[in-house]
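As structure tokens, the structure follows; a few thoughts come after it.
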Amino acid sequence: MKVTICAFDAPNNLDGPTTWIKRLLPYFREKNIESRIIFLAANDKNLPAYKYFVDEGFACKLIYWELFNDEKVKAILEDVKQFPPDIFITNYFAIPLEAGKWIKKAGIPTVMVLHNDNKYHYDLVKKYAANNDESDVSSVVCVSNLIQEISQQTAPQHQSIKYIPIGAPVTDEVAGLSADGELKVVYAGRIDEKQKRISDVAHAFCLAAKEVPGTSYTIYGDGPAVPAVQEILNTTGKDLPVQFKGKLKSTEVQAHLLQNQVFVLLSEFEGLPITLMEAMSCGLASICTNMRSGISDLITNNAEGILIDDRKDEFVAAIKKLKENPALWTEMSQAARQKIVRSYSIETCSNQWIALFEELVEHAGKRSALVIPSSKELKKIRLDDEFKRQNNPRPAEILVPFYKTKYMLGRLKRNLFKS
């Protein structure tokens, strides 16, 4: 079987969906499923995910985001025509979903993947899975039960809206209590304000460090809010056992998590948090905000971790509870690891994907040659306002050289600042 999947890349890319395919595709390879990756990427030499997969021997295609809509769709269609897969995974991008309409007509099933509980993802369902006609994507895969439930409400007549969680590697080692009794607390993930509320995390760590003796705190990651975190730790966190240690490679995360006892996730929203699953696999107890998606799939309050409704007093109380009750921590540690081993291992989740592929191929229509639309038709492609960040419609032909020059100058400017 052959699968083509669309992915994102840019300098310093650390997004969860990239971590997901780093786990999924090697498992497919073990099962003789051939994967090809189409990267929708920044026009930059520093593309870490692209480099990773090329180095691992996967077939990859680069398509730059700065191209016009019609150019990107045509490039996707040409790639699929040249290397026809049995399954085309659009992932969570509108442009591949536009291309998917023609790909599906050629008898190739198309799959959308929803990674987050937010309006953007549900707008994708409404636009590309709720038309009740042949333009709908063949299947929608949701990483949490809640995302599946809302997607089914959004597209009630769609027959293939599935829940397949992201798998986590199960470590050989398991975290244990510190010999000196210190409780070590960690956050690892994107350093971002809107979703991850990272400044609140930094302030919460500083507050707990003051209030609960015998605890220490570490933040790992990279992202736009790094300066804000450093400022908080240099002021509010001065002389406290709270530190920022920067970015980790995805292959290094669990080794560092194992040096701690508690994982913290105080996000505003999530899909199914990958690093939380990694931490649970390592046997860490967790303290998380009581988000509606993903968290309830993984954690029952006071079983695998502690759920809180504010990032200040309740967070400090949760830290104090775990610090003062090592037996409770041990119970949570064991329960967390068993949850991942039982239901969320890479093998378990990847096999659900393979079962979906087999189902879609079995019920797919007759295969035919992929017909690439005319340039005139492709140039009409306009994404809805909900997807405006991905929208780059072709302007009047007289303006095309101006736009191309603008993009080139933008790249030169970015490269100049890097040097």
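None of the figures in this text is laboratory data; all of them are computed from the coordinates on show. In this text the structure is predicted, and so the values were computed from the model without any measurement. Every residue, glycine among them, receives a Cβ derived from its backbone with ideal geometry; neighbour counts consider all protein chains shown.
Here the range 149-194 is treated as a sphere whose radius is the Kirkwood value from Cα pairs; by Stokes-Einstein at 25 °C and 0.890 mPa s it diffuses with a coefficient of 153 µm²/s. In the distance distribution for the range 279-347, Cα-Cα pairs more than 17 Å apart total 39 percent.
A Cα-only calculation for the chain places Rg and Dmax at 22.7, 72 Å.
Residues SER350, SER375, SER160, ranked from the fewest to the most other C-beta atoms within 10 Å, line up as SER375, SER160, SER350. Round to the nearest 10 and give me the degree value, 0 to 90, for the angle of helix 198-211's Cα axis relative to the longest principal axis of the chain. Rounded to the nearest ten degrees, it is 10. For a paramagnetic label modelled on THR330 (point 7 Å from Cα along Cα→Cβ), amide N atoms under 17 Å away belong, within the range 274-290, to 283-285. In the chain, the DSSP-assigned H stretches of four residues or longer account for a calculated mean residue ellipticity at 222 nm of -13000 deg cm²/dmol, using -39500 (n - 2.57) per stretch and the full residue count as denominator.
Each of TYR217, TYR52 was scored by other Cβ atoms within 10 Å of its Cβ. Arranged with the fewest first, they read TYR52, TYR217.
Using the alpha-carbon positions of the range 183-344, Rg (one decimal) and Dmax (whole number) come out as 14.2, 43 Å. As an equivalent ellipsoid, the range 198-289 spans semi-axes of 21, 15, 13 angstrom, where each value is the square root of five times an eigenvalue of the C-alpha gyration tensor, largest first. For the chain, the longest principal axis of the alpha carbon atoms and the long axis of helix 346-363 meet at an angle near 20°.
Apply 1/(1 + (r/R0)^6) to the Cβ-Cβ distance of SER178 and ASP15, taking R0 = 30 Å, and write down the FRET efficiency to the nearest 0.05. Approximately 0.40, to the nearest 0.05. Taking the range 54-124, how much of its Cα-Cα pair set, in percent, is spaced more than 19 angstrom apart? Counting every Cα pair in the range 54-124, those more than 19 Å apart make up 40 percent. Compared with the dominant Cα axis of the chain, that is its longest principal axis, helix 16-30 is turned about 70°.
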